[in-house]
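Reading through the structure tokens given below for one structure.
Laboratory data are not the source of any read-out in this text; all were calculated from the coordinates shown. From a predicted model like this one, the values you see are computed outputs, not experimental measurements. Glycine gets a Cβ as well: all are built from the backbone with ideal geometry, and neighbour counts include every protein chain shown.
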Amino acid sequence: MNDKNKLNSWILASRPKTLPAAVVPVLVGSALAVSYDKFYLPYSIVALLCALLIQIGTNFTNDLYDFLKGADSKQRKGPKRVLVSGLITVKQMKFGSVVLFGLAFLLGLYLVYSAGLVILWIGIISIFAGIIYTAGPFPLAYNGLGDLFVFVFFGIVGTMGTFYLHTQEFSILSFLVSLPVGALTTNILIVNNYRDVEEDRAAGKNTLAVYLGRNLTRLEFIIFLFLSYAVSLILFLKFDFNYWIFLPYITIPFTILLVRMLFTLNGEALNKTLELTAKFAGFYGLLFSAGLIL
């Protein structure tokens with residue numbers, strides 16, 4: 001395989017269409033810091049790089065252990081996986097995961113130097129959680145805890161941690177603004193697991209979708225959509241934000257489309273729903289950030 005094809009394989013393994021999950025927490029946390037007049041661009045840039053490295057490292061680890069445990073096969077309905085396809089070897093994937101998590105740790109040391117040991121612990125726990133998502137004796141994704149992992153780390157921790165970088169404080173407000181981020185990034189995973197319910201059940205990968213079944217998984221998706229919109233109303237009524245905080249409401253027609261797709265599509269057709277759910281999370285995050293600043 002030539003260098004160009006190898007690079008394309010690594011890009012495929014990074015799952016670029018899902019990367020808004022790493023971008024949005026940093027975007028929203030930074031926007032809240034701007035509203036406090038406490039924003040320093042280098043912090044957000046480094047935090048974004050660390051978030052991307054941790055997510056891609058988690059994706060690599062997920063690819064590796066799903067392959068080793070037999071959860072991925074050539075008959076899978078989702079996008080192509082590089083190990084199953086023979087594009088990258090197990091040894092290479094292990095090395096790639098270590099490199100990415102290592103780079104995230106090293107970059108994060110700048111943030112630790114700037115904002116203190118709290119950031120060190122956030123970074124260490126985030127990297128550890130990314131590894132045990134599919135690895136170790138109790139992999140989160142195989143025991144119904146994947147949704148909770150995404151909600152906490154790509155929502156609450158990512159958003160509040162970014163805000164803390166700029167302000168050195170945690171607050172009820174930073175917690176509230178993290179909830180839509182966690183909800184919509186978790187919805188990306190929900191669609192993925194909803195598509196793969198039968199395959200995951202057969203492989204012993206007990207995702208929350210496997211436990212809940214299709215009907216309750218669709219309900220979970222809808223509840224998270226409602227939560228994302230409810231937070232804007234709370235911010236308007238209780239925290240004196242102006243009408244700009246309702247900017248995300250212009251996406252409501254898009255949510256109706258996503259729900260309709262989830263109820264009517266199956267199998268590989270849901271790959272488009274997965275892609276649109278990730279794009280929706282990114283677009284919502286931009287609008288929500290703008291509302292926080294304005």
Point to revise | Along the chain, longest interval not containing exposed chymotrypsin sites (Phe, Trp or Tyr not before Pro), exposed being DSSP loop plus at most 16 other Cβ atoms within 10 Å | key: 41-169
Check your understanding: What value, in deg cm²/dmol to 500, does the helix sum -39500 (n - 2.57) over DSSP H runs of n ≥ 4 give at 222 nm once divided by the residues of the chain?
Key -> -24500 deg cm²/dmol
Practice item. Please report, to two decimal places, log10 I(q)/I(0) for the chain at q = 0.09, 0.12, 0.13 Å⁻¹ as given by the Debye formula with identical point scatterers on the Cα atoms and no solvent. Key: -0.42, -0.76, -0.89
Point to revise | Relative pair counts by distance (%), Cα atoms of the stretch 179-290, 5 Å bins | key: 2, 12, 22, 22, 16, 11, 7, 4, 2, 1, 0
Check your understanding: Hey, in the GNM for the chain with a 10 angstrom Cα cutoff, which one of A129, A209, A21 fluctuates hardest?
Key -> A129
Revision key, fill the gap. Here the membrane-span-like helices of the chain, with no claim about any membrane, defined by DSSP H, Cα axial extent at least 27 Å and mean Kyte-Doolittle at least -1.0, are 41-68, 90-115, 172-195, 208-238, 270-293
**Study point:** Cα centroid separation, the stretch 201-274 to the stretch 92-118 (Å)
**Key:** 31 Å
Review point. Within the chain, how many lysine pairs that are 8 or more places apart, or on different chains, have C-alpha atoms less than 18 Å apart?
Key: 17
